[in-house]
Amino acid sequence: MKVLNYGKSRAAFIERFASVLTESGFPRMPARVFAALLATDSGRLTAAELAALLHVSPAAISGAVAYLVQVNLCSREAEPGSRREHYRVHNETWYEAMAHKDQVLDRCERSLREGVEVVGRGTPAGARIAETLAFFEFIQTELPAMLERWRARKAELGVADSKRANLSARAKRSHAA
């Protein structure tokens, strides 16, 4: 299995980054699976490969992947001609996750509006809920412009398309040989 050849430093990074995510509120096993996918060159592993890499059961991987798919941080891909699924983290995973938050923010805003009416706008609870609603509305307004600024910044950094950059690097190596 190719993932068993990971060096100690890569395995240590996976655990350190997973710890940072966990300390930030991420569930532990999804954090480990996400970090492992992120640190894999292909960004794509099977449940068996993840289980071997992280020294956990395939059942633990299944639950972690279900969470990651739900929050748009990874996807399942069927392997043609096989019953195996691969789990993939995409190159623009954080961008995609943020871009899909508008539906969640809409639901939160509707619920918060209801909360303000239920507890009363003039109450301390109503004021807290109204402030939370105002924050969500602000995020909803600012998010599209922020994502566009990220796209521009990413282009400035020269990482506008990681797949194209990888292909380009391979082509340069093959011409040099």
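The values are calculated or read from the model by the stated rules, or taken from the named source; none is laboratory data. These numbers were taken from a predicted model, which means no experiment stands behind them. Note: ideal-geometry Cβ built from the backbone for every residue, glycine included; neighbour counts use all protein chains shown. The area values use the complete protein model at the heavy-atom level, side chains included, leaving out ligands, DNA and RNA. Shrake-Rupley method; radii C 1.70, N 1.55, O 1.52, S 1.80 Å.
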Look through the stretch 80-95, keep the residues that are free of Cβ contacts under 8 Å to residues at least 24 places away in the same chain and assigned to a loop (DSSP other than H, G, I, E, B), and return whichever of them is farthest from residue 14 (Cα to Cα). 81
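Residues are listed down the side, and each one gets a yes or a no for (1) out of contact with any strand residue (DSSP E or B) (no Cβ under 8 Å at 6 or more places or on another chain); (2) open to solvent by less than 50 Å² (accessible area, probe 1.4 Å); (3) of a type in the set (Gly, Ala, Ser); (4) on the phi < 0 side of the Ramachandran plot:
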residue: 99; (1), (2), (3), (4): yes, yes, yes, yes
residue: 108; (1), (2), (3), (4): yes, yes, no, yes
residue: 117; (1), (2), (3), (4): yes, no, no, yes
residue: 135; (1), (2), (3), (4): yes, no, no, yes
residue: 148; (1), (2), (3), (4): yes, no, no, yes
residue: 155; (1), (2), (3), (4): yes, no, yes, yes
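Mind listing just one residue for me: the one in the stretch 23-67 that is acidic (Asp, Glu) and open to solvent by 30 Å² or more (accessible area, probe 1.4 Å) and, of those, modelled with the highest pLDDT?
Taking the stretch 23-67 first, the residues acidic (Asp, Glu) are 23, 41, 49.
Keeping just the survivors that are open to solvent by 30 Å² or more (accessible area, probe 1.4 Å) gives 23, 41.
On the way: 23: 95, 41: 87.
Per the stated criteria, the residue is 23.
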